[in-house]
Structures are given as C-alpha cells and as structure tokens.
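The values are calculated or read from the model by the stated rules, or taken from the named source; none is laboratory data. Everything quoted here is computed from the prediction, not taken from an experiment. When we count neighbours, we look across all protein chains shown, and the Cβ atoms used for this are built from the backbone with ideal geometry, even at glycine.
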Amino acid sequence: MAIIMDGKALAGQLKAKVKAKIEQSGLKPGLAVVVVGDNPASLVYVKNKKRDCAECGIHSEEFALAADVGEDKLLALVEELNNRADIHGILVQFPLPAGYSEDKVIQAICPNKDVDAFHALNTGKIMSGNYTFLPCTPAGVMMLLDNYGIDPAGKHCVVVGRSNTVGKPQAMLLLHRDATVTICHSRTQDLGAMTRQADILVSAVGRVGLITADMVKPGAVVIDVAINRGEDGKLRGDVDFAAVEPIASHITPVPGGVGPMTRAVLMENTLRAAMGGQYGI
Ligand code: GUN
C-alpha cells in the first residue's frame, strides 16, 4: 500500500503562504491569462487559475480571443500586457490553435513577466540552476517530493516525456538535486526496461494506461504528471493507479496530485514577479 501524495493539501498550504505574503507586503500582484479559441481543457484550466488567484488575493484578468484572431493581434496583446505596470505575470494558455507559433508567442513575453518560465532566458536559467521563475509543474513535483521526505540525491530518476514544459525542466531540477536522471520518450526502445530501474518515476506523456504495474520497481516513488480524459469522461493520469498503488512506496493521484501544485507554483511565481523576481516567500 503506497502513501498517497496529497497535492491538493500541499498546494493549499503554498497558496496560504502566498496570500499571507501579499497581505503583509501590501503588493497587488496582477496575472493576465490569455486563452485563444475554445479548447475545453484550456477553458477548465483557465477557470481554475482564476479561482486560485482569487483565493490568494491576486488580481487576474482573462483575455479570451477567438481562434481566428491571428498571431499579429495576439502578439500586440502580449506587447500591451508587457507594458502594463499593474500586470506582473502573463500566461498564454497552450496549446494554441493551428497556425500560431507557440515559440514566437513565448519569446514575445517579457522574461520578467514569464510566470510559466517558458522564455528562452528563463529556460536557460533553469539549465544553470540560477532561477528567477520555477517551472510550475516540475517545481510542484519537487515540492511534493520534499514534503514527503524523498531526497532525489543519488537515486535513479526516470522521466518519461521530453516536453519543453515538463520533461526537460523536470530532468534538470532532479539533476540539480544530485539525482541520476534518464529521460525516456516515444523512441525509447524498451520503456519498461528503463522504468523498472527507477527509484523515482515521473510520467508526463498524456496516455492513459501507459505505466502498468510490471513497469514499476516495487517500492518506487511514482509521480503522475499527466491529465487525460478517460473514455468514461473522468480524469486519468498515465499510470494505472489501481494496479501500481499496491507496489509503489508513494504515488500521486489524478486528480489531486501534481495538478494543484502546478497552479500553486504559478501563484508563487506571480507574487515573485510582483516582488521583482525575489525569492524567499
Ligand atoms: N497548457 C497546459 N499546461 C500549461 C501550462 O502550464 N502553461 C501554459 N501556458 N499552458 C499550459
């Protein structure tokens, strides 16, 4: 029987810290959330982010643009938000509809307002370990590990998925904590042979049922980053939770594991942006 890692509770604690800091400091952090089109998952994420902002005392503004608004108008909005003194963080919800360059949009965001930590300047800082903004999902995973007393140092951490948003920065954060890190992806030849070596297994692919019990070493820590919609409409991760939970030492549920942590780190990043990029909340 694994210990279930309660991301919802830990995220609540982090948001309470952010709220207290905002109240003490008299700062008025502002987050702009830009969503293009009507991707149903994006609309749910944006709604949740606005709720988190309200909980923490962060001013949030949503900009909902039609799918066909065009890249020029989107870039003009980003520029306008870059220049607004009352907006400290800018998040453009991904995925963008076909025809938009996500990279162009990311690089247009002022790095000091890039609360996703996706801009080249911020990803470069993540490589060197000299962070301004923590990458939201990977940082949330690290906080969960710390909260449950799991030290990655010397452990074999296997990250499944090599996205710029999760897999790559996750591997870096684990490496900075002295883990031995393997990154697996769609061209990995024998995924199970890799994952069975993991002391800490992080899956961030987006495929229901990808990680089965035979792919997990008994006693491993299993972190499920994915949020998939199952055939029954319910949220599911990559991990076959019912089969893996009895053999893991720790496991994150979906929902209620990594997802709330991602959004809580976003709140922390928005506060940090309002504080001029300082640490130590
Ligand atoms: N879409 C899914 N997750 C994220 C995220 O963390 N940031 C942004 N901007 N878009 C997303």
### Task
Give the residues of the stretch 264-279 that are closer than 18 Å to Asn122 by Cα and within 11 Å of the chain's Cα centre (by Cα), sorted by residue number.
Val265, Leu266
### Summary
When Gly167 is run through (1) within 16 Å of the ligand (Cβ to nearest atom); (2) modelled with pLDDT under 95, the failure sits at (2)
## Note on the structure
Residue hits (the stretch 28-45; crowded, with 16+ Cβ neighbours inside 10 Å and not aromatic (Phe, Trp, Tyr)) are Pro29, Gly30, Leu31, Ala32, Val33, Val34, Val35, Val36, Gly37, Asn39, Ser42
### Summary
(1) more than 13 Å from the ligand (Cβ to nearest atom); (2) in contact (Cβ under 8 Å) with a residue 12 or more places away in the chain; (3) assigned to a helix (DSSP H, G or I) all hold for Val46 apart from (1)
### Query
Quick check: is even one residue across the stretch 146-160 within 13 Å of the ligand (Cβ to nearest atom) and surrounded by 23 or more Cβ atoms within 10 Å (Cβ to Cβ)?
no
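Going through Glu102, Glu79 one at a time, which residue ends up being surrounded by fewer than 17 Cβ atoms within 10 Å (Cβ to Cβ), at pLDDT 95 or above, at negative phi and within 13 Å of the ligand (Cβ to nearest atom)? First the steps, then the outcome.
Details: Glu79 fails: within 13 Å of the ligand (Cβ to nearest atom).
Answer to the selection: Glu102.
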